[in-house]
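The values are calculated or read from the model by the stated rules, or taken from the named source; none is laboratory data. Everything quoted here is computed from the prediction, not taken from an experiment. Virtual Cβ from ideal backbone geometry, glycine too; neighbours counted across all protein chains shown.
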Amino acid sequence: MSIAVLDKTFSLLEVLARLGRAATLADLSRESRLPKPTVYRILRSLRDLGYVVQADRGGAYSLSERLQSLGGRGRDELLREKAGSLMRGLHAEFDETVNLGVLEGIYVRYAWVLETTHALRWIVKPGARDPFHTTALGRAIVAGMPAEAQARLVAKVSAGAPARSRAALRDRLRRELELTRARGFALEEEETNAGVACAAVSLAPLQEPLAAVSVSVPVSRFPAARRAAIIAALRRPPERVAAEA
């Protein structure tokens with residue numbers, strides 16, 4: 001990204017902060033004195049990254065909680081508060097590792113991990129990152145994103161693959177994301193780490209569409225019945241998970 005684009009991006013953010021309210025594309029173009037196409041492209045990127053929100057397609061834009069939190073309490077702290085009851089409930093019910101992930105570019109960063117007490121386990125440390133498409137966390141998040149944003153992310157990760165396999169990877173990811181969106185959860189087995197399976201759901205119901213929670217389980221402890229139970233618990237409202245644990 002050029003310095004000129006950064007200047008324009010921060011100008012738009014400053015306009016939104018100064019207005020203190022949701023603003024339309026026309027408002028922002030006028031206030032920033034930038035062409036509408038330029039404003040639209042920047043806002044689209046900021047929306048995809050979670051720094052601005054849009055009420056509906058074609059609606060007004062406003063600063064997101066994610067951006068507002070940068071100047072106050074840490075972003076991860078706010079996410080932990082929102083996801084805490086769900087994560088602690090899952091951990092208490094299944095005693096498996098529970099992860100909180102945040103989408104950052106084409107990667108998922110692990111923001112919080114509740115470790116299992118089992119000796120046989122795979123633990124990822126907070127701060128570690130994985131490409132979104134290799135993880136249940138990433139797929140759960142991206143499957144719920146607007147089609148344009150989803151397509152850009154798929155194109156980016158596909159571009160990094162060898163030329164002969166790009167089309168196949170792109171098609172496979174599209175199918176997996178469609179399936180994830182339709183069933184309401186993501187699932188991956190031994191794709192990121194040998195011997196480990198994960199199920200995940202987006203935190204969009206908690207107004208955190210760029211975050212997700214997953215349960216990581218050794219495949220030896222992931223038979224069909226336990227898999228179904230974990231997925232069902234992930235899809236229950238957080239307060240019910242905590243109450244039933």
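Yes/no per residue for (1) of a type outside the set (F, W, Y); (2) closer than 30 Å to L63 by Cβ; (3) crowded, with 17+ Cβ neighbours inside 10 Å:
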position: S158; (1), (2), (3): yes, no, yes
position: A161; (1), (2), (3): yes, no, no
position: R166; (1), (2), (3): yes, no, no
position: L177; (1), (2), (3): yes, yes, yes
position: E189; (1), (2), (3): yes, no, no
position: V201; (1), (2), (3): yes, yes, yes
position: A204; (1), (2), (3): yes, yes, no
position: L210; (1), (2), (3): yes, yes, yes
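In segment 132-158, how many are at pLDDT below 90 and closer than 12 Å to E188 by Cβ?
Of the residues in that region, 0 qualify.
Of all residues in segment 127-147 being outside any helix (DSSP H, G or I) and in contact (Cβ under 8 Å) with a residue 40 or more places away in the chain, which is surrounded by the fewest Cβ atoms within 10 Å (Cβ to Cβ)?
Out of the qualifying residues, it is P146.
Which members of segment 17-59 meet the condition of being surrounded by 16 or more Cβ atoms within 10 Å (Cβ to Cβ), among the aliphatic types (A, V, I, L, M) and within 24 Å of A204 (Cα to Cα)?
Result: A22, A23, I42, L43, L46, L49, V52, V53.
Among the residues of segment 170-186, are any part of a strand (DSSP E or B) and within 19 Å of L103 (Cα to Cα)?
The answer is yes, given that some residue of segment 170-186 is part of a strand (DSSP E or B) and within 19 Å of L103 (Cα to Cα).
V196 is checked against (1) at positive phi; (2) buried (at least 16 other Cβ atoms within 10 Å of the Cβ) and fails just one. What number does that condition carry?
Condition (1) is where V196 drops out.
So which residues in segment 92-106 are surrounded by fewer than 19 Cβ atoms within 10 Å (Cβ to Cβ) and either outside the structural domain of S202 (by TED's automatic domain parsing) or in contact with an Asp or Glu (Cβ under 9 Å, 6 or more places away or on another chain) (or both), if there are any at all?
E93
Working carefully through the options L16, L78, L43, find the one that is at pLDDT below 85 and in a helix (DSSP H, G or I).
L78
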